[in-house]
Amino acid sequence: MISKRPPYLPGDRAPANDTARMIRVDQAGEYGATRIYKGQLAVLRRGHAAGAIREMAEQEQCHLAQFDRLATERRVRPTALSPLWHVAGYALGAASALLGERAAMACTVAVEEVIDGHYARQEDDLAGGDPELAEAIRTARADELAHRDTALAHEATEAPAYELISAAIKTGARLAIWLSERI
Ligand SMILES: [Fe+2]
Ligand SMILES: [Fe+2]
């Protein structure tokens, strides 16, 4: 029986187990994001959305670097599923891009919406504890919301079968989060 963890007092550091889990899943997610955009760029290198995708990809690299740094400093082992996210992220990026620029953008909207909810939950769980981790999450989350807006501006919702694509990708992203927190 798992009881709900007590709230931390402001300035407290959340229990190391919890924060290690957070860093592990965030590192995995940001890694996955870099792979999605790599896959998209492999297909859409010369498309009119390439510049925007490249910009988002660069920000994902910064997010990943932050969580890599935290993982190293705190000796958090990466998820054992990295090889899976390496392949699955790239495949998702390439597949969505093959459906067109709007579908690629629909992929970004779906992923970023799930990630936004995920980061929001983590911020709640930290409840003012672990300011260093909280800052990494806050920064990444703000960028993810900007990515979602960029993708919406690129007519993501005009993609063919938008609702279907969106629902499928969101399910996949939630599953990836669930697995990366545990394995
Ligand atoms: Fe990110
Ligand atoms: Fe993002």
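Each value in this text was obtained by applying a stated rule to the coordinates, not by laboratory testing. Everything numeric here is computed off the predicted structure, so don't read it as measured data. Reconstructed Cβ throughout: ideal geometry from the backbone, glycine too, with neighbour counts over all protein chains shown.
Odds and ends about this structure:
- Considering only P78, A167, V111, and ranking their Cα positions along the charge dipole of the chain that arises from unit charges at the beta-carbon of Lys, Arg, Asp and Glu, the one farthest toward the positive end is P78.
- Only Lys, Arg (+1) and Asp, Glu (-1) charged, at Cβ; the chain dipole about Cα centre in debye: 680
- Computed from the alpha carbon atoms alone, the convex hull of the chain holds 107 Å³ per residue.
- Taking a sphere under 13 Å around the Cβ of G100 and counting the other residues whose Cβ falls inside, with K and R at +1 and D and E at -1, yields a net charge of -2.
- Helix screen, the chain: DSSP H segments with Cα axial length of 18 Å or more and mean Kyte-Doolittle hydropathy at least -0.5 are 16-44, 82-98, 101-126, 131-153, 162-182.
- Dividing the summed helix terms, -39500 (n - 2.57) for each DSSP H run of n ≥ 4, by the number of residues in the chain produces a 222 nm estimate of -27000 deg cm²/dmol to the nearest 500.
- Computed over neighbours whose Cβ is under 12 Å from that of H86, the net charge equals +2, Lys and Arg +1, Asp and Glu -1.
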